[in-house]
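Here, each number is a calculation from the coordinates, and none is a lab measurement. These figures come from a predicted structure and were not determined experimentally. Every residue, glycine among them, receives a Cβ derived from its backbone with ideal geometry; neighbour counts consider all protein chains shown.
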Amino acid sequence: MKLAILSRNTKLYSTRRLVEAARDRGHSVRVLDPLRCYMRIAVDGFAMHHQGKPLSGYHAVIPRIGASVTRYGTAVLRQFELMRCYTPNPSDSILKARDKLRCHQILAAEGIALPATVFGDNPDDTSDLLAMLGPTPHVIKLNEGTQGAGVMLTEKLSASRSVIEALRGLYANFLVQEFVAEAKGADLRCFVVGDRVVAAMKRQAPKGDFRSNLHRGGSAKAVTPNPRETEVALRAARILGLGVAGVDLIRSNRGPLILEVNASPGLEGIETASGVDIAGSIIEYVANGGHRTGSRRRTASIRAA
Ligand SMILES: Nc1ncnc2c1ncn2[C@@H]1O[C@H](COP(=O)(O)OP(=O)(O)OP(=O)(O)O)[C@@H](O)[C@H]1O
Ligand SMILES: [Mg+2]
């Protein structure tokens, strides 16, 4: 297989692991900077060049498109799709997953449970908007926030109002959610490849915080998700059309709730925690054109929670 990986940085752990896993399996692989791909769109066909040379003959492309280059990166990926190149994560699926609000709407419409979420534009509507959500505590999240920065917990209604007022003053996009206290500061990252959760880890917030992000000092350990969690993670990825996805969920009294579906999930934290050769699983899945084969374990097997 002649494979391209769309990534801005060849040195990133995930990019390096995918290259290594592809070479190990005898595939030809090249890392392409999406911002150095440029394209010709015409009725007689689609063409693309990378740093002065034509790109052609690729069987598959694995997108690793960072949030800062979503628009251009997905345009490049779409051009690959138009040039009949297979991708486990199509451009439209990535765009759906990246837009938190849209993603919540799509998943809830398909019966996937998530924390009740409200979203509004006009300050005059804030009181009613919060009434639609229900009592505090509330979790307020910046749409562009990542790694836990921009996720706030408000205990009182007056605090929710003040934070919302401040964010509006900064022209920030945000959504407000019910706080799921029984999650106890933990979330579950389920790594989906095709029709299987190939690895999962539980991230636990440090004492005194409710955010379990590793960048905020959270800790990770491998877990085996229960059948319901596995099913929800697989369904969420399938609904969005993602062959490779990091599905984050929290454990609530009413079952697993989806927080987010990541279309370019990092490999380092979860390969380290689980010992699973996830890069290998992805390459084998892609080489099979989207039909997963058995995965190999690099070290220990998944430990139970
Ligand atoms: N509604 C909620 N109830 C309880 N805890 C929550 C809720 N939403 C988020 N959390 C906790 O806060 C953490 C960060 O939230 P979230 O994942 O939504 O934002 P983020 O990590 O900053 O953004 P992204 O995942 O898009 O990079 C979660 O991992 C979870 O532990
Ligand atoms: Mg998160």
Subject >> 31 Å Cα-Cα threshold exceeded, pairs from Lys11/Lys53; Lys2/Lys100; Lys100/Lys202; Lys2/Lys96 >> reply: Lys2/Lys100
Original post:
Using Cα atoms only, what is the angle between the long axis of helix 157-169 and the major principal axis of the chain, expressed in degrees (0 to 90) to the nearest 10?
Top reply: 50 degrees
**OP:** Would you please classify the overall shape of the stretch 209-265 from the alpha carbon gyration tensor, given that a ≥ b ≥ c denote the square roots of the eigenvalues, rounded means a/c under 1.5, and beyond that prolate means a/b larger than b/c while oblate covers the rest?
**Re:** oblate
Original post:
Give me the Kirkwood hydrodynamic radius of the chain in Å, from all C-alpha pairs, to one decimal place?
Top reply: 20.4 Å
Original post:
Mind checking which aspartates and glutamates have their C-alpha under 16 Å from Lys184, skipping anything on the same chain fewer than 8 residues away?
Top reply: Glu155, Asp209, Asp248
Original post:
Using the alpha-carbon atoms, what tilt in degrees (0 to 90, nearest 10) does helix 13-24 show relative to the longest principal axis of the chain?
Top reply: 30 degrees
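Find, among the trypsin sites (Lys or Arg not before Pro) in the stretch 144-227, those assigned to loop by DSSP (not H, G, I, E, B) with at most 12 other beta-carbon atoms within 10 angstrom.
Here the sparse-neighbourhood loop sites are Lys156, Lys184, Lys207.
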Original post:
Which of the lysines could a cross-linker span from Lys156 if the Cα-Cα distance has to be under 18 Å and same-chain partners fewer than 8 positions apart are dropped?
Top reply: Lys141
Subject >> Positive-end extreme of charge dipole, the chain - chosen from Ile41, Ala199, Thr117 (charges on Cβ) >> reply: Ala199
Subject >> the chain: angle of helix 278-287 to the longest principal axis, Cα-based, in degrees nearest 10 >> reply: 50 degrees
Subject >> Highest-fluctuation residue, Glu20, Glu231, Glu155 considered, GNM on the chain with Cα pairs under 10 Å >> reply: Glu155
**OP:** When a/c is below 1.5 the answer is rounded, else prolate if a/b is larger than b/c, else oblate, so apply that to the stretch 19-174 with a ≥ b ≥ c taken from the square roots of the Cα gyration tensor eigenvalues.
**Re:** prolate
**OP:** Please work out whether the stretch 182-287 counts as rounded, prolate or oblate from its C-alpha gyration tensor, where a ≥ b ≥ c are the square roots of the eigenvalues and a/c under 1.5 means rounded, while otherwise a/b larger than b/c means prolate and anything else oblate?
**Re:** oblate
Original post:
In a GNM of the chain with a 10 Å cut-off on Cα contacts, which of Pro206, Pro123, Pro225 has the highest mean-square fluctuation?
Top reply: Pro123
